[in-house]
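Written below as structure tokens is the structure these notes are about.
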Amino acid sequence: MAGGGFATATANGVEFEAKITPIVIISCIMAATGGLMFGYDVGVSGGVTSMPDFLKKFFPVVHRKVEAGADKNSNYCKYDNQGLQLFTSSLYLAGLTATFFASYTTRTLGRRPTMLIAGVFFIIGVVLNAAAQDLAMLIAGRILLGCGVGFANQAVPLFLSEIAPTKIRGGLNILFQLNVTIGILFANLVNYGTAKIKGGWGWRLSLGLAGVPALLLTVGALLVTETPNSLVERGRLDEGKAVLRRIRGTDNVEPEFADLLEASRLAKEVKHPFRNLLQRRNRPQLVIAVALQIFQQCTGINAIMFYAPVLFSTLGFGNDAALYSAVVTGAVNVLSTVVSIYSVDKVGRRVLLLEAGVQMFFSQVVIAIILGIKVTDHSQNLSKGFAILVVVMICTYVAAFAWSWGPLGWLIPSETFPLETRSAGQSVTVCVNLLFTFIIAQAFLSMLCHFKFGIFIFFSSWVLVMSFFVMFLLPETKNIPIEEMTERVWKKHWFWARFMDDHHDDQVFASGHVNGKKSNGKSNGFDPSTRL
Ligand code: BGC
């Protein structure tokens, strides 16, 4: 077995032995192709909607508006059309619905079959999209792709967190996000190429090439191993232990296996995972998971990821320059995600999020100022210098997002829930994320039309709010074994500790009462050292 051996200290001073085995690496690469598929879907729509042939066929009204130019319509409003936004957003609406079914399959069938289901949805969706004859077929395809996203985004991050040894869990988990960004970049590059195709079918190729990641995910799901956590959760203990030995590259897996069994025993006592999620002692994880998703989308990232080509063309860039600039931001997104993989388990989650808050705030304000001065409704005099400055600021912003909120928005919820609520928690996470992604996709072009340059001020205000949230309420989870978060993170946090209780409070929902007693909320005083 290859890979350096290492051991991870646990709360009791017991050590988990684990090597970074090839099987772990290969499994993670395969599973992360789910991210590739998601990213391709995110990136492909903006480029396609800026292609005249696509607009002429499916959205003739928008096509006429764009052709008429800025004399008749405001620069900021030429793409403002609910149908066009629905093409992008329908995927996320379907995704969030699918998440609930995915939670069930993840628990009862396992992580691996859920990834397989996702792959099959993706393949059918791609075929419908590439062959679309009318708007109905186009939207039906996007809806199936959305179902795939719902299943994949539920199973893949869980799979990654569970299969990874603690020391590199953050880095491996971010592989998912890295693949999201590679998918977006791949879509941007494809759009840049297919926009040049003369015969009017370039968009079909763009939508059809999503078949590549779809196939990769399906084949990957057939090849990877199920996680020991899921096997144990479903009562297949011997198999679970055998897989644990195999993926950790050692026979000495007793301490980790005992942890798993204990987590699974607690999970078994829970009959209604979603209701359980609402209990007081699960409140910290739930609040954090939901808040992180809302915040991630309110950074405004998808305004850029979905609509960069449209945005750049709004700013007066030619078609080619707009698609090219989208490729540049896509590349920055990928490279900056690598920074996160490298640093997340070293400097920790909080440092990355706080630094990025400053960087995103600053770049958004600069973009708003430039646009406010230079781009009005019916004219843009964005000189070459200013146009480049806008692209540089967008890249600065994307870089910060890519090493913070992008990956950590997914990583933190997947590692903080205890096993008993992990898959329910993950589906709420994915669901809220997709809900807010849907809202941004459906509203951004209309918001741009109404808020104009102020849209960037709107997003930067959110960045301020989320940075304060991180500063005071987000605990550090770096290097903490996944089944020990309760003991080592939540029970020690200055604020969240008050929600923790050793006893089960299954009968008590959403009240301040724990086992018949009112929680005094002072179980742990404010101790700043536990926050970093
Ligand atoms: C977000 C996506 C976004 C992507 C950009 C992901 O973490 O969930 O909505 O498009 O990052 O890289």
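The values are calculated or read from the model by the stated rules, or taken from the named source; none is laboratory data. It should be emphasised that the depicted structure is a prediction, and the values quoted were computed from it without experimental measurement. Because the Cβ atoms are built from the backbone with ideal geometry, glycine has one as well, and the counts that use them run over all protein chains shown. Protein only, heavy atoms only, side chains kept; ligands, DNA and RNA dropped before computing areas. Shrake-Rupley method; radii C 1.70, N 1.55, O 1.52, S 1.80 Å.
Numbers below:
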{"item": "Largest-first ordering by accessible area, 1.4 Å probe, given options Lys241, Lys57", "result": "Lys57, Lys241"}
{"item": "Cα centroid of segment 340-357 to Cα centroid of segment 309-324, whole Å", "result": "32"}
{"item": "C-alpha long axis of helix 254-268 to longest principal axis of the chain, angle in °", "result": "80"}
{"item": "Relative contact order (percent, whole number), segment 18-224, Cα cutoff 8 Å, 6+ residue spacing", "result": "40"}
{"item": "Fraction of accessible area attributable to carbon and sulfur, segment 20-66 (%, probe 1.4 Å)", "result": "73"}
{"item": "Scaled radius of gyration (Cα, divided by 2.2 N^0.38 Å) that segment 18-224 gives", "result": "1.10"}
{"item": "Shape category assigned to segment 222-283 from the gyration tensor of Cα positions, a/c cut at 1.5", "result": "prolate"}
{"item": "Charge sum, other residues only, whose C-beta stays under 15 Å from Gly357's C-beta, Lys/Arg counted +1 and Asp/Glu -1", "result": "+1"}
{"item": "For the chain: relative contact order, % (alpha-carbon pairs under 8 angstrom, 6 or more apart)", "result": "23"}
{"item": "Heavy-atom accessible area per residue - segment 275-500, 1.4 Å, Å²", "result": "31"}
{"item": "Sparse-neighbourhood loop sites, GluC sites (Glu not before Pro) in segment 144-243 - DSSP loop, at most 10 other Cβ within 10 angstrom", "result": "none"}
{"item": "Pair-distance profile P(r), taking every C-alpha pair of the chain, with 20 angstrom steps and integer %", "result": "23, 54, 22, 2"}
{"item": "Distance from segment 445-473 to segment 245-295 (C-alpha centre basis), Å", "result": "33"}
{"item": "MRE, 222 nm, helices only [DSSP H, n ≥ 4, -39500 (n - 2.57), over the chain, to nearest 500]", "result": "-23500 deg cm²/dmol"}
{"item": "Angle in degrees between helix 384-402 and the longest Cα principal axis of the chain, rounded to the nearest 10", "result": "20"}
{"item": "Listed residues Met30, Met393 arranged by accessible area, highest first, probe 1.4 Å", "result": "Met30, Met393"}
{"item": "C-alpha long axis of helix 82-108 to longest principal axis of the chain, angle in °", "result": "20"}
{"item": "Area accessible to solvent at Asp251, 1.4 Å probe radius, in Å²", "result": "120"}
{"item": "Kirkwood-type radius of segment 275-500, with distances r between different C-alpha atoms, in Å", "result": "18.5"}
{"item": "Surrounding net charge for Ile197, when Lys and Arg each add one and Asp and Glu each subtract one, Cβ distance under 10 Å", "result": "+2"}
{"item": "Members of Lys19/Lys478; Lys241/Lys268; Lys56/Lys384; Lys56/Lys196; Lys56/Lys78 lying beyond 21 Å, as alpha-carbon distances in this model show", "result": "Lys56/Lys384"}
{"item": "Summed side-chain charge close to Asp53 - residues other than Asp53 whose Cβ falls under 10 Å, Lys, Arg +1, Asp, Glu -1", "result": "+4"}
{"item": "Cα gyration tensor, segment 335-462 - rounded (a/c under 1.5), prolate or oblate", "result": "oblate"}
